[in-house]
Structure formats: C-alpha cells, structure tokens
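Here's the structure, in structure tokens; my notes come after.
The values are calculated or read from the model by the stated rules, or taken from the named source; none is laboratory data. The structure displayed is predicted, hence computed values, not measured ones. Cβ sites come from the backbone with ideal geometry, for glycine too, and all protein chains shown count toward neighbours.
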Amino acid sequence: MAPLADLLRPPPGMDFDFTRPAGEPALAPKDGVAWKVFANPVSLFIGGVAAVLLELAEPSVRAGVWDHSSFRRDPAMRLRRTGFAAMMTIYGPQSQAREMIAQVVAMHERVSGTNVHGDAYRANNPELLDWVQATATFGFTAAYDRYVRLLSAREWDAAFAEGAPAAKLYGARDAPVSAAGWEALLSRTAWRLEPSDVLSEFLAIMNDAAILSAPLRPLQRLLLRAAVSIVPEPVRRFAQLRGRGLRPGEALAVRAMAGASSLIPLPTMPAAQARRRLTA
C-alpha cells in the first residue's frame, strides 16, 4: 500500500542512502526473516501499533513513552522517526546502525521519572528494554504471520534471534531470542501489565491522526483494529481494547491489502536499497 510506504522513508533531516557503503552488512542477516517482515508496510504499521499497545500496558514503559515522546503532539512524525530507526536497525550498514543506536541510548539516558504507582524508572533500565525489544519483535512478526504469510515455528524463532544483536546494543540484556523465550517473558511480565486510559487515548489519537489522507482514513482505522486483534492476553481483554478488534470479514480485507503491498515495487525503500548495497 503506497501511502503507508511513506512511513518507511527517512523523515526530514534524516535522509539516508541505504545503498552505501557497498558490501557492508546489516545487523540483521540479508534475506532473513526480519528482512521480509520489515519490507511490508501494511503489516509493519499493524505490528508497530500492537507493540505500542503492549508497551503502554507496562506502567514504567508507559510513563517513559507517554511523558517523554511526541506521540500526542505529532503522531505521524513520531511514527516516521520510529520507522526510520527500525529500518536502520534491520537494513542499514552496521557502522551507521551502531552510531544511530548509540545516539538513541544517549538520548534515553536523560529519560527518567516516576510511574503512576510512585515507582522510579529509567528508560535505559535493561529489564524495561527487554520488554520494549521483545514487544516490537512480537508485534511486527505477529502482524506478518497473521496478515501476510503464516510463519513456521523455525521462522518465528529466527525473527527473535535476528533481533538480538540490535537489542544488546540498545541495552537489553535478556531480550528473548526465540518464540518460547517471548512466551516466557510475557508470562513473567503479565502481573505488571494493567489497563489505563492512555490505551484509549493512544487509539483515539491514531484513529484521527493524518497518517493517511482523509479519504483513506477508514483504512487507517481498519489497520488499527487489525493491530488490536493480534495483541495477546492479558492485554487484549482490557476494557480499553475490548470490542475494538476486527469485525467479521475484515481480516480478509486486511490480508488483501497486505498481500497487494507485497506486490508493489518499492525500489526506493530501505529493503530494496540495502539489497543493492549487498550485491554491489
């Protein structure tokens, strides 16, 4: 879907040529599972929203994201900046990806505060970073698996394993490297996950944000419902998400959109540029 592909392009001031330097590998293996997952703009949008919902369910991560980011002021630009960071992590040359991650870590070093329960938090707390990295991998992979192509158990494991080098650079010490590891982390973390009005506020903002043009806004809302539908328990049963998943028959429409986006040539997107870099 071409309009969503704009989210994969570097935002203003962050233009980057993924074709250089010739031959330099990325942090994620060329043509691995992550390279396929991150190349589909429809499932990438869905997975990103699902990951944020899981992040906002954890009180300390929620405080860090909601109190120290531009989601409420400019959600479209925040998505583009986050999308660019993801593209660099998966497709960028290792040297530049490491440099970008170091900048993010330095920025996060200044982010700290107290959550709604009075508990102190730091954005660079390794335990919180484990959750952030794991939810991102789960969200993107689950969206691809549900709406693009069913992934095998081996591919699910590979998706987590391929994200391990970047996760460690971000400071996540024990981010899961397999699907079983994700399930174990989700089980250990479930007691901390909680409903919040922020979940409703986030979905309301995403419903109305100018991510797609006004005529395409119903499709944007459809993709938001697709994201809610892949959020795992216990978060999916929170009151703020209950009844906000896909309606009967809508999953077919989402799969059709995701399948069509896989067929649209996107030669200027990071995945295609990186492939040219590694075959130069």
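Here is how the numbers come out for the structure above:
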quantity: Test result for Arg78, among the charged types (D, E, K, R), within 23 Å of Glu162 (Cβ to Cβ) and surrounded by 15 or more Cβ atoms within 10 Å (Cβ to Cβ); calculated: no
quantity: Residues that are within 19 Å of the chain's Cα centre (by Cα) and either modelled with pLDDT of 95 or more or part of a helix (DSSP H, G or I) (or both), drawn from segment 201-218; calculated: Glu201, Phe202, Leu203, Ala204, Ile205, Met206, Asn207
quantity: Test: residue in segment 69-90 that is assigned to a loop (DSSP other than H, G, I, E, B), in contact (Cβ under 8 Å) with a residue 60 or more places away in the chain and more than 28 Å from Leu212 (Cβ to Cβ); calculated: no
quantity: Given (1) free of Cβ contacts under 8 Å to residues at least 24 places away in the same chain; (2) basic (Lys, Arg); (3) in a loop (DSSP other than H, G, I, E, B), index of the condition Arg188 fails; calculated: (3)
quantity: Test: Ala50 is of a type in the set (A, V, I, L, M, F, W, C) and either within 17 Å of Ile211 (Cα to Cα) or in contact (Cβ under 8 Å) with a residue 24 or more places away in the chain (or both); calculated: yes
quantity: Extreme residue, surrounded by the most Cβ atoms within 10 Å (Cβ to Cβ), among residues of segment 254-280 that are free of Cβ contacts under 8 Å to residues at least 40 places away in the same chain and over 21 Å from Pro11 (Cα atoms); calculated: Ala256
quantity: Number of positions in segment 156-213 that are small (Gly, Ala, Ser) and exposed (fewer than 14 other Cβ atoms within 10 Å of the Cβ); calculated: 7
quantity: Selection from segment 127-183 of residues that are part of a helix (DSSP H, G or I) and closer than 22 Å to Met257 by Cα; calculated: Ala136, Thr137, Phe138, Gly139, Phe140, Thr141, Ala142, Ala143, Tyr144, Asp145, Arg146, Tyr147
quantity: Flag if Asp145 is acidic (Asp, Glu), farther than 24 Å from Ala26 by Cα and either surrounded by fewer than 21 Cβ atoms within 10 Å (Cβ to Cβ) or more than 19 Å from the chain's Cα centre (by Cα) (or both); calculated: no
quantity: Residue among Ala260, Ala274, Ala256, Ala226 that alone is part of a helix (DSSP H, G or I), modelled with pLDDT under 95 and among the aliphatic types (A, V, I, L, M); calculated: Ala260
quantity: Any chance Gly118 is of a type in the set (Gly, Ala, Ser), exposed (fewer than 13 other Cβ atoms within 10 Å of the Cβ) and either touching a residue at least 24 places away in the same chain (Cβ under 8 Å) or over 19 Å from Val231 (Cβ atoms) (or both); calculated: yes
quantity: Residue within segment 124-136 that is surrounded by fewer than 17 Cβ atoms within 10 Å (Cβ to Cβ) and more than 16 Å from Ala172 (Cβ to Cβ) present; calculated: no
quantity: Near pairs, Cβ below 7 angstrom, 6+ apart or cross-chain, from segment 92-114 (in contact (Cβ under 8 Å) with a residue 60 or more places away in the chain and β-branched (Val, Ile, Thr)) to any residue that is part of a loop (DSSP other than H, G, I, E, B) and surrounded by 12 or more Cβ atoms within 10 Å (Cβ to Cβ); calculated: Val105/Asn124; Val105/Gly171
